[in-house]
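A short write-up of the structure that comes next.
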Amino acid sequence: MNRSELLNELKKEARYISNEDLSLARAAIMGAVEHVPEPYKTIYSSDYFTFLYENFLRLKGHKEIGIEEELDAEEYASLLGSIKDKSYPDDRKREALTRLSSLVLAYLVFIVKEPLHPVGMIFPGGMRITQKEPHYYCPVKGKQSETNISFCEFCICKDNSELE
């Protein structure tokens with residue numbers, strides 16, 4: 001599959017995300033950070049959901065890209081497997097978040113090749129995702145890649161230690 005074909009597939013799937021799904025996904029994010037202190041609670045809930053939603057809208061409106069570049073089939077399968085492994089099929093809220101995330105993450109990783117968090121997002125300790133053309137840098141990339149709760153291994157960001 002090439003990038004144009006994937007974009008078409010993602011756009012078709014995006015049609016099946018309803019307003020209810022979006023509300024449930026937002027509720028799942030809010031619930032996941034229930035015990036996180038401010039300001040991180042807002043950053044990881046409201047701000048991150050806004051990021052997902054805006055990229056979902058970008059995906060839906062993305063014009064044909066005409067790029068025949070083949071996807072790395074193993075990496076794509078690995079991303080989908082990782083999303084599935086982190087899903088909760090018996091929880092409607094988390095399942096809605098999984099469906100939304102699977103579209104947006106694939107879009108960010110394979111179509112627009114952008115970070116999985118917004119540039120400027122603050123992490124504990126005050127460090128942020130930054131951009132120094134043409135690269136993106138993340139303060140937790142090297143630390144989170146080893147956990148089973150993140151998708152860092154798929155993110156285009158480099159670790160801050162590589163900041164040029």
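Numbers at a glance
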| item | result |
| --- | --- |
| Pairs from 11/63; 113/158; 41/132; 132/158; 41/143; 93/158 whose Cα-Cα separation, in the structure shown, is over 22 Å | 41/132; 93/158 |
| Highest average packing first - 13-19, 98-104, Cβ atoms within 10 Å | 98-104, 13-19 |
| Estimated inter-spin distance, residue 67 and residue 84, nm [label 7 Å along Cα→Cβ] | 2.6 |
| Alpha carbon centroid spacing (whole Å) that separates the stretch 14-28 from the stretch 39-97 | 12 |
| Simple spin-label estimate for residue 57 and residue 153 in nanometres, 7 Å along Cα-Cβ | 3.4 |
| The stretch 1-149 - Rg and Dmax from Cα coordinates, angstrom | 15.6, 45 |
| Nonlocal amide H pairs with residue 136, under 5 Å, H built at 1.01 Å | 158 |
| Set of aspartates and glutamates with alpha-carbon distance to residue 86 below 20 Å, sequence-local pairs under 8 removed | 13, 21, 34, 74, 75, 95, 146, 153 |
| Residue-by-residue Karplus 3J(HN,Hα) for the stretch 32-44, coefficients 6.51, -1.76, 1.60, Hz, glycine and proline x | 5, 10, 3, 9, 7, x, 6, x, 5, 4, 5, 4, 7 |
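A short reminder: the numbers here are calculations on the coordinates, not readings from a lab. It should be emphasised that the depicted structure is a prediction, and the values quoted were computed from it without experimental measurement. Cβ coordinates were reconstructed from backbone atoms using ideal geometry, including for glycine residues, and neighbour counts include every protein chain displayed.
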